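The values are calculated or read from the model by the stated rules, or taken from the named source; none is laboratory data. Quantities reported herein were computed from a predicted structural model and do not represent experimental measurements. Cβ placement follows ideal geometry from the backbone for every residue including glycine, while neighbour counts extend to all protein chains displayed.
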Amino acid sequence: MKLPIQLGLAGLLSGAALAQTKPDVTEILGKLSETYKAAQQYEIVADRVEKDPATGESEGAHMLIAVRLPDRYRIERAAIAEGSGGKDSKGINIVVLDGAAIWFYDSDLNQYTSAPAASIGKDLPDELKTNGVDDSAMSRFRSARDSAAKARFLREEEVQVGGARIACFVLSVPEGEAEYTWWIDRKSNHVVREDDSTSMTIFTTVKLGEALPENLFKFNAPAGASKSGPGRR
């Protein structure tokens, strides 16, 4: 009669051990916050698919955001035709702040224009300031620790990013009125995938705190592009 009792105790102890090894959400999000807060310059490349809830139609985009605080950034966005495997891009828009001037390029028109950096917040909206771009890209990751009390651990899972499979913690994280599902790289503490109610984003490149080349923050007009607006030449 002792054997069944011993097996029962072993099962209970085993279950307790498994419960104890469940990853701690506060610790995971704390490490993530610190990793993103430490980055004063970074480059993020992502592929995003967004679904229109009304029509059910999907739209893809390839995006790059590079920031060097306090006064430089580059944003690129290219629409991706559905089913093209990311190869058929169109509607490329580029915004570059090089410290002295801000540049805009529209591939549909094959035209670019520029304005002094000092005009941001005056003739141009505040959102184009470096801290505005930085806040939009990074604030939810830097403040992730604050959401720990309401966040939920979902599972551990490998996700395909580029040609690699990355072991991740998968968490549900509330942020204001939105709720995100994050796949967090267990080694780097980077978010490599982010889903919300209407979109899925795969972060194919996440460079945080790494030295970035100066030419990333320089605008070079594409071949054949013409300058438009004031100061055209």
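Identify all residues within segment 42-56 that are more than 19 Å from TRP182 (Cβ to Cβ) and touching a Lys or Arg at 6+ places or on another chain (Cβ under 7 Å); write none if there are none.
GLU43
Looking for something in contact with a Phe, Trp or Tyr (Cβ under 7 Å, 6 or more places away or on another chain) and among the charged types (D, E, K, R) - is there at least one such residue anywhere in segment 89-111?
Checked against the condition, which is being in contact with a Phe, Trp or Tyr (Cβ under 7 Å, 6 or more places away or on another chain) and among the charged types (D, E, K, R), segment 89-111 yields at least one hit.
Starting from residues that are closer than 28 Å to ALA151 by Cβ and basic (Lys, Arg), keep the ones in segment 47-84 and report whichever is nearest to the chain's Cα centre (by Cα).
Restricting to residues being closer than 28 Å to ALA151 by Cβ and basic (Lys, Arg), the top hit is ARG48.
Of everything in segment 22-42 that's small (Gly, Ala, Ser) and in a helix (DSSP H, G or I), which residue is nearest to VAL133 (Cα to Cα)?
Result: SER33.
Whether any residue in segment 47-61 is touching a residue at least 12 places away in the same chain (Cβ under 8 Å), under 21 Å from ALA221 (Cα atoms), part of a strand (DSSP E or B) and in contact with an Asp or Glu (Cβ under 9 Å, 6 or more places away or on another chain) is what I want to check.
Looking through segment 47-61, none of the residues is touching a residue at least 12 places away in the same chain (Cβ under 8 Å), under 21 Å from ALA221 (Cα atoms), part of a strand (DSSP E or B) and in contact with an Asp or Glu (Cβ under 9 Å, 6 or more places away or on another chain).
I need the full set of residues from segment 178-203 which are over 9 Å from the mean Cα position of the chain (by Cα) and either within 10 Å of ILE166 (Cβ to Cβ) or crowded, with 18+ Cβ neighbours inside 10 Å (or both), in order please.
Answer for segment 178-203, where residues must be over 9 Å from the mean Cα position of the chain (by Cα) and either within 10 Å of ILE166 (Cβ to Cβ) or crowded, with 18+ Cβ neighbours inside 10 Å (or both): TYR180, TRP182, TRP183, ILE184, ASP185, ARG186, LYS187, SER188, ASN189, HIS190.
Please enumerate the residues belonging to segment 23-46 that are under 16 Å from the mean Cα position of the chain (by Cα) and crowded, with 16+ Cβ neighbours inside 10 Å.
The answer is LEU29, LEU32, SER33, THR35, TYR36, ALA39, GLN41, TYR42, GLU43, ILE44, VAL45, ALA46.
Given the structure, is PRO230 of a type outside the set (Val, Ile, Thr), modelled with pLDDT under 95 and assigned to a strand (DSSP E or B)?
No; evaluated as a whole, the condition is false for this residue.
From the set of residues in segment 91-133 that are buried (at least 16 other Cβ atoms within 10 Å of the Cβ) and touching a helix residue (DSSP H, G or I) at 6+ places or on another chain (Cβ under 8 Å), which is farthest from SER228 (Cα to Cα)?
VAL133
Every residue, every condition in (1) in a loop (DSSP other than H, G, I, E, B); (2) under 22 Å from TYR73 (Cβ atoms); (3) out of contact with any Lys or Arg (no Cβ under 9 Å at 6 or more places or on another chain), yes or no:
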site: ARG155; (1), (2), (3): no, no, yes
site: SER172; (1), (2), (3): no, no, no
site: ARG193; (1), (2), (3): no, no, yes
site: PHE203; (1), (2), (3): no, yes, no
site: LEU216; (1), (2), (3): no, yes, no
site: ALA221; (1), (2), (3): yes, yes, no
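Looking at segment 174-191 only, could you name the residues that are of a type outside the set (Asp, Glu) and assigned to a strand (DSSP E or B)?
Once the filter is applied, which keeps residues that are of a type outside the set (Asp, Glu) and assigned to a strand (DSSP E or B), segment 174-191 yields PRO174, ALA178, TYR180, THR181, TRP182, TRP183, ILE184, VAL191.
Answer with yes or no whether MET138 is at pLDDT 95 or above, among the aliphatic types (A, V, I, L, M) and not in a strand (DSSP E or B).
yes
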